[in-house]
Amino acid sequence: MRVLTVVDALKLGGAETLIAQLGRVSADAGIELSVLSLHGRSPERSKLEPLLRESGVEPEYLDVRRTLDVSGFRRLVGYLKQTKPDIVHAHLEMAMTMAIPAARRAGIPAVGTFHHVHRPLSGRASGRERLAVEIATRSAAAIFVSQASLVSFADRYRRSKPVPASWTVVHNGIDLDYFTPAPDGGVTALPAGLGAGLDPTGNGPVVTILAALRDFKGITHAIDAWPAVLAEQPTARLLLVGSGEQEPALRAQVARLGLTGSVVFAGMRSDVPEVLRGSDLVVLPSIYGENLPTVLMEAGGCGRPVVASDVGGISDIVADGETGLLVPPGDSPGIAAAILRLLADPDLRERMGQAGRRRMERLFDARLWARSLHVVYQKAIDTSGRVAVTA
């Protein structure tokens, strides 16, 4: 089955990196995957390309400037008619808004995936999401990656109405041959150069947050929690892996609290498995908007315990008290207490890490995801993309 995956851009975001992982296992599910980026190449919008190549996928670019780009839409229709995939799978709003109608024009079934939990929007952002929802609903399948996501969109867009027949839930997964624990199950050395700002003895525990530096990720609350962690674990270091518009504010917060020597801003990284294996535990302190965060699956795959906020679909991944500890969103003292509990108990960290790996194998293996997608794709192809949409 020839599947064309269309994305807005090849950034190193959660939704985008999942596509590279799918590429590594898609052949096992009878899927021949190709990838098209609507945006053209740029330093920021092509970062996923090396990971795609590693998975055997050579991406292509359409160089579309904006969603309402008539010339770009025509080029996309022409691309689809020329390449003739069996089905088009669009991820994220811009891709769904353009690729699903273009596929219909080209006579090809299409589906779309929403990767987030609905959050209040206004102005153009609200209009863009509403348009994407309406278009995806009229595709062969509008896929949500958690029940929490589907419910949030139904609450916003289908109040007092039945959930459309095209809406369905398919959990994402990760390549568990790529995200693996260290051979001995322990903590390995961090990638070369990354540990330069960490404990010079090499013995201090490393707590890692791997997330975009955006407000809803709640990183400010983890930084507020850090002085309490240092009071009991003075050699601990907080590693922030990611970039985003909140970085200047977070750096200022770190300086204001006198934490410059214990908090490291590592920027974007493509060697995530090595970073995770070099971390003692992983934290995701989001305050809202999380759906099915990939990093928590990756942490579980690498046998790392986690501390995370109990929001959105996070509890689908993290079994509280078994694979990690869940805390209320925005609760800095709770974050500190959970981190300290794990840092003080190596045996507990090991048990939770092992349990996390088993949970990922049971529920979030990318091969399971690929097979589930194959079922959705086959139904769309068999019905020529037709679906009964409840008004």
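The values are calculated or read from the model by the stated rules, or taken from the named source; none is laboratory data. Note that this is a predicted model, so its numbers are computed, not measured. Every residue, glycine among them, receives a Cβ derived from its backbone with ideal geometry; neighbour counts consider all protein chains shown. Surface areas here come from the heavy atoms of the whole protein model, side chains and all, with no ligands, DNA or RNA. Shrake-Rupley method; radii C 1.70, N 1.55, O 1.52, S 1.80 Å.
For region 319-391, run through the trypsin sites (Lys or Arg not before Pro) and keep only the ones in DSSP coil with at most 13 other Cβ atoms within 10 Å of their Cβ.
Working: sites: Arg341, Arg349, Arg351, Arg357, Arg358, Arg359, Arg362, Arg367, Arg371, Lys379, Arg386; in loops: Arg386.
Counting only loop positions with at most 13 other Cβ atoms within 10 Å, the trypsin sites (Lys or Arg not before Pro) in region 319-391 are Arg386.
Along the positive direction of the dipole of the chain (beta-carbon charges: Lys, Arg +1; Asp, Glu -1; about the Cα centre), which of Ala212, Ala252, Val275 reaches farthest?
Sorting the options by dipole projection puts first Ala212.
What is the angle, in °, between the Cα long axis of helix 219-232 and the longest principal axis of the Cα atoms in the chain? Nearest 10 is fine, range 0 to 90.
Roughly 20 degrees between the two axes.
Bins of 10 Å, beginning at zero and ending with the bin holding the largest distance: percent of Cα pairs per bin for region 254-354, please.
Cα pair-distance distribution for region 254-354, in percent: 15, 45, 36, 4.
In debye, nearest 20: dipole of the chain around its Cα centre with unit charges on the Cβ of K, R (+) and D, E (-)? Let's see the in-between values first.
Working: 43 positive and 41 negative charges, 344 e Å.
Using Cβ point charges on Lys, Arg, Asp and Glu, the chain gives about 1660 debye.
Please list the non-local residues whose amide H lies under 5 Å from the amide H of Trp167, H modeled 1.01 Å from N, same-chain partners needing a gap of 5 or more.
Amide H neighbours of Trp167: Ala142.
Counting pairs of alpha carbon atoms under 8 Å apart in space and at least six apart in sequence, what relative contact order in percent does region 197-345 give? Let's see the in-between values first.
Numbers: 279 pairs, mean separation 40.1, N = 149.
27 percent.
Given a cut-off of under 8 Å on Cα pairs at least six residues apart, what relative contact order in percent is computed for the chain?
Working: 809 pairs, mean separation 70.7, N = 391.
Result for the chain is 18 percent.
Restrict the search to region 1-105; then list the GluC sites (Glu not before Pro) that DSSP places in a loop and that have at most 14 other Cβ atoms within 10 Å of their Cβ. Kindly include the intermediate steps, with their values, before the conclusion.
Numbers: sites: Glu16, Glu32, Glu44, Glu54, Glu60, Glu93; in loops: Glu44.
Passing sites in region 1-105 are Glu44.
If amide hydrogens are placed 1.01 Å from N in the peptide plane, which non-local residues have theirs closer than 5 Å to the one on Phe179?
none
Quick check: from the Cα gyration tensor, does region 19-107 come out rounded (a/c under 1.5), prolate or oblate? Please report the intermediate quantities before stating the final value.
Working: a/c = 2.13, a/b = 1.27, b/c = 1.68.
Oblate shape, in that a/c is at least 1.5 and b/c is the bigger or equal ratio.
Could you derive backbone 3J(HN,Hα) for region 369-377 from the dihedral phi with the Karplus parameters 6.51, -1.76 and 1.60 (θ = phi - 60°), listing whole Hz in sequence and x where the residue is Gly or Pro?
Karplus values, whole Hz, x for Gly and Pro: 4, 4, 5, 5, 5, 4, 4, 5, 4.
For the chain, what % of the accessible area comes from carbon and sulfur atoms, probe 1.4 Å? Please report the intermediate quantities before stating the final value.
Values: 8070 of 16060 Å².
Percent of accessible area from carbon and sulfur atoms in the chain: 50.
Taking amide hydrogens as modeled 1.01 Å from N in the peptide plane, which residues meet the under 5 Å criterion relative to Gly173, leaving out close sequence neighbours?
For Gly173, whose amide H was placed from the backbone, there are no distant partners under 5 Å.
Among Gly242, Leu4, Pro191, flag the residue with its Cα farthest along the positive direction of the charge dipole of the chain, charges on Cβ as +1 for Lys/Arg and -1 for Asp/Glu.
Positive-most Cα among the choices belongs to Leu4.
Can you work out the accessible area per residue across the chain, with the rest of the protein chains kept in place, probe 1.4 Å, in square angstrom? Please list the in-between numbers first.
Numbers: 16060 Å² over 391 residues.
Roughly 41 Å² per residue, with all protein chains present.
Scan (1) 21.0, 70; (2) 21.1, 64; (3) 21.4, 79 for the value of Rg and Dmax of the Cα atoms in Å calculated from this model and give just the label.
(2)
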